[in-house]
1. Within the stretch 84-98, is there a residue that is within 17 Å of Pro6 (Cβ to Cβ) and touching a His at 6+ places or on another chain (Cβ under 9 Å)?
2. Restricting attention to the stretch 3-28, which residues are of a type in the set (Val, Ile, Thr) and in a helix (DSSP H, G or I)?
3. Among residues belonging to the stretch 116-128 that are free of Cβ contacts under 8 Å to residues at least 12 places away in the same chain and not aliphatic (A, V, I, L, M), point out the one that is most open to solvent (accessible area, probe 1.4 Å).
4. Condition first: at pLDDT 95 or above, hydrophobic (A, V, I, L, M, F, W, C) and open to solvent by less than 20 Å² (accessible area, probe 1.4 Å). Now tell me which residues in the stretch 53-91 satisfy that.
5. Quick one: would you say Asp37 is assigned to a helix (DSSP H, G or I), of a type in the set (D, E, K, R) and open to solvent by less than 30 Å² (accessible area, probe 1.4 Å)?
6. Which of the residues spanning the stretch 92-110 are touching a residue at least 12 places away in the same chain (Cβ under 8 Å) and not hydroxyl-bearing (Ser, Thr, Tyr)?
7. Here are some residues: Gly87, Gly110, Gly66. Which one is in contact with a helix residue (DSSP H, G or I) (Cβ under 6 Å, 6 or more places away or on another chain), assigned to a helix (DSSP H, G or I) and of a type in the set (Gly, Ala, Ser)?
8. How many residues does the stretch 97-107 hold that are surrounded by fewer than 19 Cβ atoms within 10 Å (Cβ to Cβ) and not in a helix (DSSP H, G or I)?
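The values are calculated or read from the model by the stated rules, or taken from the named source; none is laboratory data. Computed from a prediction, not measured in an experiment: that's the story for all the values here. Cβ placement follows ideal geometry from the backbone for every residue including glycine, while neighbour counts extend to all protein chains displayed. With ligands, DNA and RNA removed, areas are computed over all heavy atoms of the protein, side chains included. Shrake-Rupley method; radii C 1.70, N 1.55, O 1.52, S 1.80 Å.
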Amino acid sequence: MEGVEPFYSDAKYGAGKEVESRDAESVLNAVILASYDERQGHLSETTRAAFDHAWALQSQTGPIAGAWVWQNFHYTPWESPESEYHGAALMAVAVGTAPDDYRDDAKIAGNVALLRGYLTATLARSRW
């Protein structure tokens, strides 16, 4: 979002923290707003904008394609090098709880497919 600074800046916290912060904040905003909208029974324009912002930041290529770069302050499991899965799982919950059949919106079909692929592949590689 233009004009809004990420909570963690590169200048204060080190290189890469702004990207980590923006990506994590976008997913968390979508989760919180979708949860609120679920109780209201309707997807608000604010929540739709939050989802749009999060989808714009979703990784499209590479080892975390389908997920988001997540904060890494070496606080396993929430803010560590492996935390992309945590963020992706939160986004899946947000999409699944959003009202008005948001998960079936054709505009996000590619994003949802990429997210599903990331979650499935990562889970298959885990020791579970």
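1. For the stretch 84-98, residues within 17 Å of Pro6 (Cβ to Cβ) and touching a His at 6+ places or on another chain (Cβ under 9 Å): absent.
2. Val19, Val27
3. So the residue we want is Trp128.
4. Ala54, Trp55, Ala67, Trp68, Ala88, Met91
5. Yes, satisfied.
6. Answer for the stretch 92-110, where residues must be touching a residue at least 12 places away in the same chain (Cβ under 8 Å) and not hydroxyl-bearing (Ser, Thr, Tyr): Ala92, Val93, Ala94, Val95, Ala98, Pro99, Asp100, Ile108.
7. Residue meeting the stated conditions: Gly87.
8. 4
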